[in-house]
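Here is the structure we will look at, set down as structure tokens.
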Amino acid sequence: YVGVKYTWGGNTPESGFDCSGFTKYVFAKQGIQLPRTSREQARAGQGVAKGLGALLPGDIMLFAEPGEAISHVAIYTGNGEIIHSSSGYGGVHYLDLNTSQGDWYVQNMVAARRLTANGRSLVQGLKYLTISGLPFDPPDRAPAPR
């Protein structure tokens, strides 16, 4: 799905994805039903300690700026990388959290959730793909790439 455009409220490759539409779609393909928004997804599965060291591939990471509600979600792919649909990047892409572009995400991670015991197979499957009542998540506020 890398390269699928960012669309606020989008939840399919054809229409584009917002962040939570992307995670909901990807996990549904694996038989895991998620709520629609990142705020709702923050209650799914089991909690994982904050920090990259506790994460396993397939965990979701949730982000919020200080004093704000959760506004972004991404899938951890391992080795310090995430895949997500970002308004700042214009769509689905991988991001290395150990770079300056990843700083916002590391600093604003507020929760992580484990949704499957076999997240590695979900993430490996993603590598081969190219192409509620609450309001939708707002576009993330991470800085655009330089």
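The values are calculated or read from the model by the stated rules, or taken from the named source; none is laboratory data. Here the structure is a predicted model, which is why all the values come from computation and not from measurement. So basically every Cβ, Gly included, is an ideal-geometry build from the backbone, and we count neighbours across all protein chains shown.
Observations on the structure shown:
- The set of residues in the stretch 65-76 that are assigned to a loop (DSSP other than H, G, I, E, B) and either within 8 Å of the chain's Cα centre (by Cα) or buried (at least 16 other Cβ atoms within 10 Å of the Cβ) (or both) comprises Glu65, Ile70, Ser71.
- Contacts under 7 angstrom Cβ, first residue in the stretch 35-54 being loosely packed, with under 14 Cβ neighbours inside 10 Å, partner at pLDDT below 95 and in a helix (DSSP H, G or I), 6 or more apart: none
- Every listed requirement among (1) surrounded by fewer than 23 Cβ atoms within 10 Å (Cβ to Cβ); (2) of a type in the set (Val, Ile, Thr); (3) within 14 Å of Arg114 (Cβ to Cβ) is met by Thr23 save one, (1).
- Hits in the stretch 33-47 - residues which are within 11 Å of Arg113 (Cβ to Cβ), within 15 Å of the chain's Cα centre (by Cα) and not charged (D, E, K, R): Leu34, Ser38, Gln41, Ala42, Ala44, Gly45
- Restricting attention to the stretch 88-127, the residues that are at pLDDT below 95, touching a Lys or Arg at 6+ places or on another chain (Cβ under 9 Å) and in a loop (DSSP other than H, G, I, E, B) add up to 1.
- Residues located in the stretch 1-25, provided they are in contact with a helix residue (DSSP H, G or I) (Cβ under 7 Å, 6 or more places away or on another chain) and of a type in the set (Val, Ile, Thr): Thr12, Thr23
- Check on Asn79, over 14 Å from the mean Cα position of the chain (by Cα) and farther than 19 Å from Val2 by Cα: no
- Output for the stretch 19-53, where each listed residue is part of a loop (DSSP other than H, G, I, E, B) and of a type in the set (Lys, Arg): Arg36, Arg43, Lys50
- Note on the stretch 1-18: residues that are among the polar types (S, T, N, Q) and not in a strand (DSSP E or B) amount to 2.
- Considering Leu56, Leu62, the condition of being in contact with a helix residue (DSSP H, G or I) (Cβ under 7 Å, 6 or more places away or on another chain) and assigned to a loop (DSSP other than H, G, I, E, B) is satisfied by Leu56 alone.
- Of the set (1) among the hydrophobic types (A, V, I, L, M, F, W, C); (2) under 19 Å from Trp8 (Cβ atoms); (3) at pLDDT below 95; (4) in contact with a Leu (Cβ under 8 Å, 6 or more places away or on another chain), all apply to Ala142 but (4).
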